[in-house]
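A.B. asks: One structure coming up, written as structure tokens, with questions to follow.
The values are calculated or read from the model by the stated rules, or taken from the named source; none is laboratory data. For clarity, every value in this text was computed on a predicted model and none was experimentally measured. Cβ: placed from backbone, ideal geometry, glycine included. Neighbour counts: every protein chain shown.
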Amino acid sequence: MHDEPLTPGNLSQSATEHLDQRIVRVLETAPEPHIAADFAARVASRLPARHPVSLTPTHYGQRATLAGILVTLAALLVLALNSASHTTFGLLESLLSAQFIALAVWLSVWRHSLR
């Protein structure tokens, strides 16, 4: 049966059923994996050596936030001094005040979360 070609004409009904049963049995059998005892050691030996990385914190975001707070505060002071007699800058002052408060709150929350 191993050397015979599988053509539908030369297989009997019982041979076809027997072949189907063998195929189903082989497909339903779970393979048993075999892992060598030194597999983890061999994989670890192929990895490149890890060099310690020293990173110094840069704090660019914190410095940008502080610069934004200072610029916003300066703009608020300039508008407050120049707009004592003009009420046209009221909306701009309100937006700058909201931005100043938002930046200050964000910076304080960000600093608090780092501790």
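A.B. asks: Does region 58-72 contain any residue that is in a loop (DSSP other than H, G, I, E, B), modelled with pLDDT under 90 and either exposed (fewer than 10 other Cβ atoms within 10 Å of the Cβ) or of a type in the set (Val, Ile, Thr) (or both)?
C.D. replies: Within region 58-72 (the criterion being in a loop (DSSP other than H, G, I, E, B), modelled with pLDDT under 90 and either exposed (fewer than 10 other Cβ atoms within 10 Å of the Cβ) or of a type in the set (Val, Ile, Thr) (or both)), the answer is yes, since at least one residue qualifies.
A.B. asks: Condition test on Glu28, is it more than 21 Å from Trp106 (Cα to Cα), among the charged types (D, E, K, R), at pLDDT 80 or above and surrounded by 11 or more Cβ atoms within 10 Å (Cβ to Cβ)?
C.D. replies: Considered against the rule, which asks whether it is more than 21 Å from Trp106 (Cα to Cα), among the charged types (D, E, K, R), at pLDDT 80 or above and surrounded by 11 or more Cβ atoms within 10 Å (Cβ to Cβ), Glu28 comes out as no.
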